[in-house]
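Inspection log for the structure reproduced underneath, given as structure tokens.
The values are calculated or read from the model by the stated rules, or taken from the named source; none is laboratory data. If you're wondering where the values come from, they're calculated on a predicted model, not measured in any experiment. Cβ: placed from backbone, ideal geometry, glycine included. Neighbour counts: every protein chain shown.
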Amino acid sequence: MRSRANVTRMLSAALIVLVVRTRGLMMTTPPSRALATATATAVAAALALPFMPIAGVLGFGPVPGRFLGAMGLIVICYIVAAEVAKRRFYRLPLFPV
């Protein structure tokens, strides 16, 4: 159970950075090479950690594929919700374009 929570937190945190870094849509404004590399590394580490030899010491275990699919959908919904909230936030009169 600990590994599921860890993977979910790491993936959502790594990917939400791509949303909040710009006023525009995440997909229309590509990140810098450094940010893209750091994000990809964080995602890969989050997915690989439960399967590494040190996982048992940290209290992690393998994460079922079914869970990864469900988590992927939840993270996508989180990203969409963050994009909607960001667009509404920047429409406020405090932030003229």
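Go through segment 15-90 and tell me which helices (runs of 4 or more DSSP H), entirely inside it, have 3 or more residues that are of a type in the set (F, W, Y).
Where helices (runs of 4 or more DSSP H) fall fully within segment 15-90 and carry at least 3 residues being of a type in the set (F, W, Y), they are 65-90.
Using beta carbons and a limit of 6 Å, which pairs, at least six apart or on different chains, have the first residue in segment 57-69 and closer than 12 Å to V7 by Cα and the second one surrounded by 14 or more Cβ atoms within 10 Å (Cβ to Cβ) and hydrophobic (A, V, I, L, M, F, W, C)?
V63/V7
So the check is Cβ under 7 Å with 6+ separation or different chains; which pairs have a first residue in segment 1-16 that's farther than 15 Å from G69 by Cβ and surrounded by 15 or more Cβ atoms within 10 Å (Cβ to Cβ) and a second one that's at pLDDT below 90 and of a type outside the set (A, V, I, L, M)?
Listed by first residue and then by second, the contacts come to S3/P50; S3/F60; S3/G61; N6/F60.
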